[in-house]
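Remarks on the structure that follows.
The values are calculated or read from the model by the stated rules, or taken from the named source; none is laboratory data. Just so you know, these numbers come straight off a predicted model, no measurement behind them. As a convention, Cβ positions derive from the backbone with ideal geometry for all residues, glycine included, and neighbour counts pool all protein chains shown.
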Amino acid sequence: MNTSYNKHRFFIIVLTLSLWAGGALATIEAGKPTKLSPELRPVRELFLLPDEKIDLAGARLTIEKFFDPSLDIEASLEEIDRIVAEIRKMPRYGDSTEGRLNGMVQYLHVAGEWNGNRPYHYDFDDPLGTDRPRNSRLSNYLRTRTGNCVSMPILALIAGQRLGLDMSLSTAPLHLFVRLCDGGQFYNFEATAGGLKADSSYMRELMITPQAVRNGVYLQSLGRKQTLAVMLGELARHCSESTRNSDFDKAFELTGLMLEHYPNYVAAMIIRGNTWRNILHRDLKAFEAKRMRMTPPVRKHFDELLLRNLRWYEKAESLGWHEPPKDYDERYLKMMREARKNYE
């Protein structure tokens with residue numbers, strides 16, 4: 001879980017304090033996407049496939065290869081096949097939805113000879129997901145059996161679907177989980193703990209507004225292309241936090257794809273807004289370093305960047321999203337401390 005929201009309104013103050021008359025102005029790029037990146041072609045091609053042709057495991061690993069070019073996708077896929085085959089042998093496994101889910105939970109979460117007494121587990125030493133970002137990656141989770149609220153539900157989703165379970169990915173603020181459909185009834189499977197969880201619990205613990213649920217922002221059963229959009233979040237955020245126009249262009253391109261296929265995905269809106277904020281921050285630093293003069297065109301440039309930044313936050317807020325309160329991290333850490341007691 002990563003709770004590093006950026007405070008966009010900070011820049012209203014920065015603009016007020018930072019602008020002064022100085023020397024001549026050099027052209028400052030706005031960071032608008034002007035072309036498609038050839039590097040992102042494998043990602044774009046994923047969205048061109050019909051839903052039934054999309055392999056979520058292969059797609060996720062394709063995205064992770066941007067972070068680790070040495071990643072052996074085939075080896076990871078073979079490991080997933082092995083896990084699914086082992087689950088089918090579990091004592092609690094059966095042909096019913098309950099039996100298949102029980103077999104998966106036993107194999108992944110309960111220590112025994114079936115998993116070499118090494119269950120797959122949540123990294124309680126990094127509950128906010130800030131120290132070990134690799135824990136979010138499926139490939140690392142398969143290798144280390146240590147994950148977080150991104151990698152754990154992704155593996156549960158992939159394994160569950162291969163076992164014949166009607167599962168889909170779902171989102172909550174800074175959190176992913178799996179939705180299970182059985183006989184027309186929906187249940188939430190919390191992959192970090194290996195159990196079921198009510199909508200009301202997510203709404204209370206993660207402060208989800210009823211408006212956000214009504215607008216389809218959270219607690220929804222996502223289709224495959226919506227799931228692809230969610231899987232792109234880490235890569236889009238990485239590009240957004242760069243300082244190069246080429247990476248900013250990639251952030252815009254990725255969030256554009258995400259919002260095209262998941263229009264109410266507020267995380268993509270926040271990343272897009274933060275990209276404009278980061279461009280503004282970069283250009284302000286350049287402006288101050290060169291002691292440029294504040295001319296009307298320069299002021300217009302900064303105003304435009306600020307407006308683009310705020311527009312995306314306002315869009316997310318209109319759907320029911322809100323910035324976490326100051327004590328959000330502490331509330332979440334308290335929840336994780338309680339979960340750790342139950343786990344141990």
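The helices (runs of 4 or more DSSP H) falling completely within region 255-344 that include 1 or more residues that are of a type in the set (Gly, Ala, Ser), closer than 25 Å to residue 209 by Cα and in contact (Cβ under 8 Å) with a residue 60 or more places away in the chain map to 266-290, 328-343. When the residues of region 248-276 are filtered to those that are acidic (Asp, Glu) and buried (at least 18 other Cβ atoms within 10 Å of the Cβ), the one that is farthest from residue 167 (Cα to Cα) is 249.
If you filter region 290-344 down to residues that are in contact with a strand residue (DSSP E or B) (Cβ under 8 Å, 6 or more places away or on another chain) and either over 30 Å from residue 109 (Cα atoms) or acidic (Asp, Glu) (or both), you find that the one that is modelled with the highest pLDDT is 298. Scanning region 173-186 for residues that are closer than 19 Å to residue 135 by Cβ and at pLDDT 95 or above gives 176, 177, 178.
The residues of region 47-72 that are over 21 Å from residue 167 (Cβ atoms), out of contact with any His (no Cβ under 9 Å at 6 or more places or on another chain) and in contact (Cβ under 8 Å) with a residue 24 or more places away in the chain, listed by number, are 68, 71.
Among the residues of region 74-85, those identified as farther than 11 Å from residue 163 by Cα and either free of Cβ contacts under 8 Å to residues at least 40 places away in the same chain or of a type outside the set (A, V, I, L, M) (or both) are 74, 75, 76, 77, 78, 79, 82. Taking each residue of region 106-133 that is within 28 Å of residue 85 (Cα to Cα) and looking for partners that are of a type in the set (Phe, Trp, Tyr) and not in a helix (DSSP H, G or I) with beta-carbon atoms closer than 8 Å, six or more apart or interchain, yields 106/93; 108/120; 109/120. Selection of region 105-144 for residues being under 27 Å from residue 93 (Cα atoms), aliphatic (A, V, I, L, M) and surrounded by fewer than 18 Cβ atoms within 10 Å (Cβ to Cβ) yields 110, 111. Scanning region 210-238 for residues that are polar (S, T, N, Q) and under 15 Å from residue 263 (Cα atoms) returns 215, 220, 221, 226, 227. Among residues of region 145-162 that are closer than 21 Å to residue 94 by Cα, those with a Cβ under 7 angstrom from a residue that is outside any strand (DSSP E or B) and not aliphatic (A, V, I, L, M), sequence gap 6+ or separate chain, pair up as 155/141.
If we scan region 6-18, do we find a residue that is more than 23 Å from residue 188 (Cβ to Cβ), part of a loop (DSSP other than H, G, I, E, B) and modelled with pLDDT of 90 or more? No; the residues of region 6-18 include none that is more than 23 Å from residue 188 (Cβ to Cβ), part of a loop (DSSP other than H, G, I, E, B) and modelled with pLDDT of 90 or more.
Any residue that is modelled with pLDDT of 95 or more, crowded, with 20+ Cβ neighbours inside 10 Å and closer than 24 Å to residue 326 by Cα - is there at least one of those in region 187-207? No, there is no match, as no residue in region 187-207 is modelled with pLDDT of 95 or more, crowded, with 20+ Cβ neighbours inside 10 Å and closer than 24 Å to residue 326 by Cα.
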